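Asks: Take this structure, written in structure tokens, and hold onto it; I'll ask about it next.
All of the numbers you see were taken from the coordinates with simple rules; none came from a lab. Remember, it's a predicted structure, so these values are computed and weren't measured experimentally. Every residue, glycine among them, receives a Cβ derived from its backbone with ideal geometry; neighbour counts consider all protein chains shown.
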Ligand SMILES: [Fe+2]
Ligand SMILES: [Fe+2]
């Protein structure tokens, strides 16, 4: 069985059925884009299909935000717009054969994950508190309530074995949550701060941040060796 490029994780649900279903379709389309990476004729069509779906999803999300009186609608809309602009440029580049497909896929996966768990979830936090009285709600928004828990500070990775870093990089890039947590668990007795750091980011579904940090630690090691 061919494994998915991006896994659907029910933990990313924001609790609004319409949005959650659309995010699920979004994941399926990213996986479809990955599955046609070697098909030069089909890939631009799939990307175009994905762009259309994303535009639809953004509109649908913004309508729900508007109807709910979400105060961060405008800032959120700008994030959506920026992605659509980038994807339209990517589509032109893909059609002319001037694009790094793997880079495009990695960007997509990272964007999807960050945007859904960081930005779309802000709205879930807003909704969760919307029934409370205005004064309490204002205070909570000022305090950033409803946001995912802040990640722990990055501990030193200097003494962490290279093989562990390589395995963690691979698992976090593939968004394999179970593997990430099991690797973190394996390090708990010797490097508990690193295990905590991974655990905090994994709880936020921030696997791209884990991958980015570990990749730079591995790059530093490689630079020291050369
Ligand atoms: Fe979304
Ligand atoms: Fe969004």
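Asks: With a 10 Å cut-off between alpha carbons and a GNM built on the chain, which of 200, 106, 82 moves the most?
Replies: Sorting by GNM fluctuation, first place goes to 82.
Asks: So which residue, out of 90, 130, 202, gets the largest mean-square fluctuation from a GNM of the chain using Cα contacts under 10 Å as springs?
Replies: 130
Asks: Using the beta-carbon distance between residue 192 and residue 219 and R0 = 25 Å, what value does 1/(1 + (r/R0)^6) give for FRET efficiency, to the nearest 0.05? Don't skip to the end; give the middle numbers.
Replies: Values: r = 25 Å, r/R0 = 1.00.
FRET efficiency, residue 192 to residue 219: 0.50.
Asks: Quick one: length gained pulling residue 203 to residue 62 fully straight, 0.36 nm per residue minus the C-alpha distance?
Replies: 48.1 nm
Asks: What length, rounded to one decimal in nm, is gained on full extension from residue 75 through to residue 92, with 0.36 nm per residue of separation minus their alpha-carbon distance?
Replies: 3.5 nm
Asks: Which of 91, 183, 154 moves the most in a Gaussian network model of the chain with Cα springs under 10 Å?
Replies: Comparing 91, 183, 154 in a Gaussian network model of the chain, the most mobile one is 154.
Asks: To the nearest 0.05, what FRET efficiency results for residue 166 and residue 38 with a Förster distance of 35 Å applied to their C-beta separation?
Replies: Values: r = 26 Å, r/R0 = 0.75.
Using R0 = 35 Å, I get an efficiency of 0.85.
Asks: Something else about it: Relative contact order (percent) for the chain, with alpha-carbon contacts under 8 angstrom and 6 or more residues of separation? Each step should come with its number before you reach the end.
Replies: Values: 173 pairs, mean separation 42.1, N = 226.
With pairs under 8 Å counted, the relative contact order is 19 percent.
Asks: Is the C-alpha gyration tensor of the chain telling us rounded, prolate or oblate? Criteria: a/c under 1.5 is rounded; beyond that, a/b larger than b/c is prolate, otherwise oblate.
Replies: Numbers: a/c = 2.09, a/b = 1.10, b/c = 1.89.
Here the chain falls in the oblate category.
Asks: Assuming a ≥ b ≥ c are the square roots of the Cα gyration tensor eigenvalues, decide whether segment 10-143 counts as rounded (a/c under 1.5), prolate (otherwise, with a/b larger than b/c) or oblate. Walk me through the numbers on the way to the answer.
Replies: Working: a/c = 2.77, a/b = 2.41, b/c = 1.15.
In terms of gyration-tensor shape, prolate.
Asks: I'd like the distance between the alpha-carbon centres of segment 67-115 and segment 179-216, rounded to an integer number of Å.
Replies: About 27 Å separates the Cα centre of segment 67-115 from the one of segment 179-216.
Asks: To continue, here is another question. Provide the gained length on full extension for the span residue 53 to residue 21, in nm with one decimal, where the gain is 0.36 nm per separating residue minus the Cα-Cα distance. Numbers along the way, then the final one.
Replies: Numbers: separation 32, 0.36 × 32 = 11.52 nm, distance 1.24 nm.
Net length gain for the segment: 10.3 nm.
Asks: So for segment 10-143, averaging the separation of alpha carbon pairs under 8 Å that are six or more residues apart and normalising by length, what relative contact order in percent results?
Replies: Values: 62 pairs, mean separation 40.1, N = 134.
Contact order relative to length: 30 percent.
Asks: Using the count of nearby Cβ atoms within 10 Å as a rough guide to exposure, how do 126, 108 rank from fewest to most? All intermediate terms of the calculation are to be shown ahead of the outcome.
Replies: Numbers: 126 20, 108 24.
Ascending number of Cβ neighbours within 10 Å: 126, 108.
Asks: While we're here: Within 10 Å of each residue's Cβ, count the other Cβ atoms and sort 219, 20, 206 from fewest upward.
Replies: Values: 219 10, 20 16, 206 19.
So the residues, fewest neighbours to most, are 219, 20, 206.
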